[in-house]
Structure formats: structure tokens, C-alpha cells
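The values are calculated or read from the model by the stated rules, or taken from the named source; none is laboratory data. Every value quoted in this text rests on a predicted model; they were computed, and no experiment measured them. Virtual Cβ from ideal backbone geometry, glycine too; neighbours counted across all protein chains shown.
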Amino acid sequence: MHDLIIIGGGPAAIGAGIYAARKKLKTLLITESVGGQSVVSDKIENWIGEIEISGFELAEKLEKHLRANDSTEIKTGERVSEVVSDDDDNFTVKLQSGIIFQSRAVIVASGGRRRRLDIPGENEFDGKGVAFCTTCDAPLFGGKDVAVVGGGNSALESVVDLFAYANKIYLIVRGDELKGDPITQEKIKQDSKVEIIFNAEPKEILGDKFVTGLKYENKKNNETKVLQVEGVFVEIGSVPNSEMAKNLVDINTLGEIIVDHKTAATSHQGIFAAGDVSDEIYKQNNISVGDGIRAALSAYNYILKIKKEAPAPI
């Protein structure tokens, strides 16, 4: 029986793990890999304390800090399939491999996964011109025309990643405006390689053995057009990895776990949630760390049956 099981390996989970260790909780952290979604980012410029750091370097630092605490057991390469509650208010955490663990409290900090377009050709040409990570795959598109689908930060950053490689970059935006950081918006607008197409709804990814084009519809006049591209990068956000707890906690229409933002508590006593899997509106690494810390301190108070009624150092 563990005091606490943390599900996830991103900044929220690591923050929770470090603070749980400081409280001497017998903790198990279960994750497929350490680093979270930002591990594929070539350059992170808003991690507090680092002017610039890669996602890989950040993941290394987070893991090193976590492993410096002996009271936290780390199990990598595993995916949680279900969290079950028993009559004694304890929890059983089931892994896809069949292994089970038990704990008195659970923090779900499982982040999200890349959202897909769900259009013809996306699955067929996945890895054959369809990609979800410019850091990983941008060098494969040297001298080629490509399309990036999305209008938020992940899409804008992907365009920047492609500057050094692609011949032409079409930014396909479903709405009528960009939603990413203004600084990045200005950067891509000033580059002659980039053509931004607004109100464009992707309809099909075309190809033979590899991608040869992207068919889209102009949402204002319903006109269908085809871009002759050899690569399509899908950058339209993420889907919360909340399935393992959906039978126990309240989840909103986006699949996010609803939490009390003072305590990170969910609708089920003893389960807390932090980071991108929760209904936190700002999906940022720095905020996720704070969310994870909040969840760990609340789990500690829950386990010890401490009721925090006023601000005080702890």
C-alpha cells in the first residue's frame, strides 16, 4: 500500500513527486516516459529560470531532480488503464501490463496526447508525409512545400521550426485569426516562405505512396482547393488523457478532469488532478508544475486528515 500514486511524467507529475517526497509520503510515480508533451520542443523560451532550453534538456533536469528523492519510486514504460476505488476509500491502479498497485490517494497528472484531424488520408500517410512533431521530422522536408494545420502556439512554433528546412510553408487556420503568442505571430508573418490561409477546413490528405497534397474547403464560400505539398504537420492541440479515471471523477465536455482550483481536488475524495489533464485553462509548463505541487500538498493534507482553513507556511 502506497500513500500516494502519481500518474504521469510531465511537469505537473514531477512537481507533485518532488513535493510528495519532501513530505516523506511513500509515493509511486507511473509514466510511459518522463518529460511530457514539451519533450519534442526544440526550443522553450518561457521556462522560468532558463532563457532558452530544449524539451529534451528540460525533461532530463526534471527527472534528475525527481530521482534525487529516495522516497519516490518511479515506474516508467507503463500505461495506467484504470483507477478503481474500494469501500475503504483506498484505490487500486491497474496497468495495461496487468500489474496493479494500491494507494490511499491518487494524483492524475497524465497530460494529453496530440489531437488528430480525423480526415481521409491522415492515418494512411502517418509517417509518410503526415507528421505531428516538427522537432522530430522537420529535417525530412528539406526543400519541400509543406502545410501546417493549426492557429495556436504549437502550430506557430512548428512553422518556425520549418524555416530552416522547407521551401514553402502554408499555415492552414480554420478560424479567421491566429491565437498564438504575438511575438511568434510577427516572426512568421515577416518570413516570405509563409502563406497563411484563414477559414480553411482540411478535408483530405492526398497521396500515392507518400503525401502529394492537402484538400481544404474555404469556409466562407465553400470552394474546395488543393495545395500541392509533400508534408502535412498536424498541430491542433491535445486531448486529455483522462480515460483511466472517467468512471470516478467529473469530466467536462472537453474530456478534462474538473478540479477545485484551490486544492486540485476532484469530485471523488482522495483523487486529485493537475496539469493539462485538468480543466486548468492555461496549458503551460510553469503552471502545470504549480498545479502538481498544489495537488501533492492537498494529497498530504488529505492523507493526514488535515483541513487547511487559513493561509500558513507548510
* To do: Could you tell me whether A20 is crowded, with 19+ Cβ neighbours inside 10 Å, touching a Gly at 6+ places or on another chain (Cβ under 8 Å) and part of a helix (DSSP H, G or I)?
  => no
* Within the set of pairs 6+ apart or on separate chains, which have a first residue in region 61-80 that is closer than 18 Å to K23 by Cα, a second that is small (G, A, S), and C-beta atoms under 7 Å apart? -> L66/G17; N69/A21; S71/A21; T72/G17; T72/A20; T72/A21
* Check E82, E73 and return the single one that is in a strand (DSSP E or B), acidic (D, E), modelled with pLDDT of 95 or more and surrounded by 14 or more Cβ atoms within 10 Å (Cβ to Cβ). => E82
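Quick grid of which residues meet (1) at pLDDT 95 or above; (2) of a type outside the set (A, V, I, L, M); (3) surrounded by 21 or more Cβ atoms within 10 Å (Cβ to Cβ); (4) in the same structural domain as K94 (by TED's automatic domain parsing):
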{"position": "D208", "(1), (2), (3), (4)": "no, yes, no, no"}
{"position": "G270", "(1), (2), (3), (4)": "yes, yes, no, yes"}
{"position": "E280", "(1), (2), (3), (4)": "no, yes, yes, yes"}
{"position": "N286", "(1), (2), (3), (4)": "no, yes, no, yes"}
{"position": "D291", "(1), (2), (3), (4)": "yes, yes, yes, yes"}
* Taking K225, is it touching a residue at least 40 places away in the same chain (Cβ under 8 Å), surrounded by fewer than 23 Cβ atoms within 10 Å (Cβ to Cβ) and over 23 Å from D291 (Cβ atoms)? -> no
* Within region 190-210, how many residues are touching a residue at least 40 places away in the same chain (Cβ under 8 Å) and closer than 21 Å to G142 by Cβ? -> 4
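Residue-wise test of (1) touching a helix residue (DSSP H, G or I) at 6+ places or on another chain (Cβ under 8 Å); (2) crowded, with 17+ Cβ neighbours inside 10 Å; (3) not assigned by TED's automatic domain parsing to the domain that holds V93.
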site	(1), (2), (3)
F198	no, no, yes
V229	no, yes, yes
V249	no, yes, no
L254	no, no, no
* **The lone exception for L206 - which of (1) in contact with a Ser or Thr (Cβ under 7 Å, 6 or more places away or on another chain); (2) under 21 Å from Q284 (Cβ atoms) it fails** => (2)
* Asked: When you scan region 86-125, how many residues do you find that are aliphatic (A, V, I, L, M), loosely packed, with under 13 Cβ neighbours inside 10 Å and assigned to a loop (DSSP other than H, G, I, E, B)?
  -> 1
* Tabulated pairs, region 131-153, first among the polar types (S, T, N, Q), second assigned to a loop (DSSP other than H, G, I, E, B), C-beta under 7 angstrom, 6+ apart or interchain -> T135/S41; T135/D42; N153/G180; N153/D181
